[in-house]
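Please read the structure below before turning to the comments.
None of the figures in this text is laboratory data; all of them are computed from the coordinates on show. Since this is a predicted model, take the numbers as computed values, not measurements. No Cβ is skipped: glycine too gets one built from the backbone with ideal geometry, and neighbour counts run over all protein chains shown.
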Amino acid sequence: MKNEIKFSILGAALAVCTLPALAQSNTTTAPATGQTVSDRKENQQDRISQGVASGQLTAGEAATLERKEAAVNQETRDMRKLDGGKLTAADKKTLNQQQNQLSNQIYKDKHNAAVQNTNPTSEVGKRAENQQDRIAQGAKSGQLTAGETANLETREASINHEIATDRKANGGKLTNAERAQVNRQQNRVSKQIYKDKHNARHQ
């Protein structure tokens, strides 16, 4: 009889200990950890802008991520338009899946071997780094939309590719003519950054 009582007490204790663990495992599989669609969008933007600022994301990677973010934002607006300004449960589920995919891509891109130089020694490199900092700040502050950021990062990636190609052709250096050409291109991107950050559109 004493043994039966002991086993009953032991069984009850185990059940009590197991309940929090089961509850925890259920909450970890819940979508979006209770965040709204808007909260997650803000979080994704912060992670991208941090990756750009730290050099973990190249201009090309950032451009691709921002294009995907812009597409999700557009789909969110379209869904709200169809449903009187609100999102249905099905809409939220679809958007959550898309944001999960984007979140995974941000993680992969930030932890792969491709990086942006955040401590360049050349004048061209320092200028490129300055542009990246301005873009990252604009994305983080909301002055740049995902679409604007994607466009700017695409242009930055194109200039970076051109610099790399020119250096490869000239033993690792740029000629005076190439530096002048890159400087003109960076001037145009710089003006575009300013315009995009000071227009009426915000993230």
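Please work out which residue is farthest from residue 97 (Cα to Cα), limiting yourself to segment 33-61 and to residues that are out of contact with any helix residue (DSSP H, G or I) (no Cβ under 6 Å at 6 or more places or on another chain) and not in a helix (DSSP H, G or I).
So the residue we want is 55.
Identify the single condition in (1) touching a residue at least 40 places away in the same chain (Cβ under 8 Å); (2) outside any helix (DSSP H, G or I); (3) not small (Gly, Ala, Ser) that residue 119 does not satisfy, given that it satisfies every other one.
Residue 119 satisfies all of (1) touching a residue at least 40 places away in the same chain (Cβ under 8 Å); (2) outside any helix (DSSP H, G or I); (3) not small (Gly, Ala, Ser) except (1).
Taking segment 167-179 only, how many residues are surrounded by 11 or more Cβ atoms within 10 Å (Cβ to Cβ) and either farther than 16 Å from residue 131 by Cβ or hydroxyl-bearing (Ser, Thr, Tyr) (or both)? Steps first, answer last, please.
So in segment 167-179, the residues surrounded by 11 or more Cβ atoms within 10 Å (Cβ to Cβ) come out as 167, 169-170, 173-175, 178-179.
So of that shortlist, the ones also either farther than 16 Å from residue 131 by Cβ or hydroxyl-bearing (Ser, Thr, Tyr) (or both) come out as 167, 169-170, 173-175, 178.
Within segment 167-179, residues that are surrounded by 11 or more Cβ atoms within 10 Å (Cβ to Cβ) and either farther than 16 Å from residue 131 by Cβ or hydroxyl-bearing (Ser, Thr, Tyr) (or both) number 7.
With the checklist (1) over 24 Å from the mean Cα position of the chain (by Cα); (2) assigned to a helix (DSSP H, G or I); (3) surrounded by 12 or more Cβ atoms within 10 Å (Cβ to Cβ); (4) not acidic (Asp, Glu) in hand, flag the one item residue 164 doesn't pass.
(3)
Check segment 46-69 and report whether any residue there is surrounded by fewer than 17 Cβ atoms within 10 Å (Cβ to Cβ), within 17 Å of the chain's Cα centre (by Cα) and over 19 Å from residue 135 (Cβ atoms).
no
Restricting to segment 180-201, name every residue that is within 24 Å of the chain's Cα centre (by Cα) and surrounded by fewer than 18 Cβ atoms within 10 Å (Cβ to Cβ).
Residues of segment 180-201 within 24 Å of the chain's Cα centre (by Cα): 186, 189-201.
190, 191, 192, 194, 195, 198, 199, 200, 201 - these are the residues of segment 180-201 that are within 24 Å of the chain's Cα centre (by Cα) and surrounded by fewer than 18 Cβ atoms within 10 Å (Cβ to Cβ).
In this structure, does residue 86 turn out to be part of a loop (DSSP other than H, G, I, E, B) and among the charged types (D, E, K, R)?
Numbers: part of a loop (DSSP other than H, G, I, E, B): yes; among the charged types (D, E, K, R): yes.
In short, yes.
Here is a list: 100, 117. Which entry is closer than 23 Å to residue 189 by Cα and polar (S, T, N, Q)?
Working: 100 fails: closer than 23 Å to residue 189 by Cα.
Answer to the check: 117.
May I ask you to verify whether residue 75 is touching a residue at least 12 places away in the same chain (Cβ under 8 Å), among the acidic types (Asp, Glu) and within 16 Å of residue 153 (Cα to Cα)?
In short, no.
Here is a list: 126, 173. Which entry is of a type outside the set (Val, Ile, Thr), part of a loop (DSSP other than H, G, I, E, B) and either within 22 Å of residue 53 (Cβ to Cβ) or free of Cβ contacts under 8 Å to residues at least 60 places away in the same chain (or both)?
Working: 126 fails: part of a loop (DSSP other than H, G, I, E, B).
Answer to the check: 173.
Can you name the number of the only condition in (1) within 15 Å of the chain's Cα centre (by Cα); (2) surrounded by fewer than 17 Cβ atoms within 10 Å (Cβ to Cβ); (3) within 22 Å of residue 151 (Cβ to Cβ) that residue 75 fails?
Status for residue 75: all satisfied but (1).
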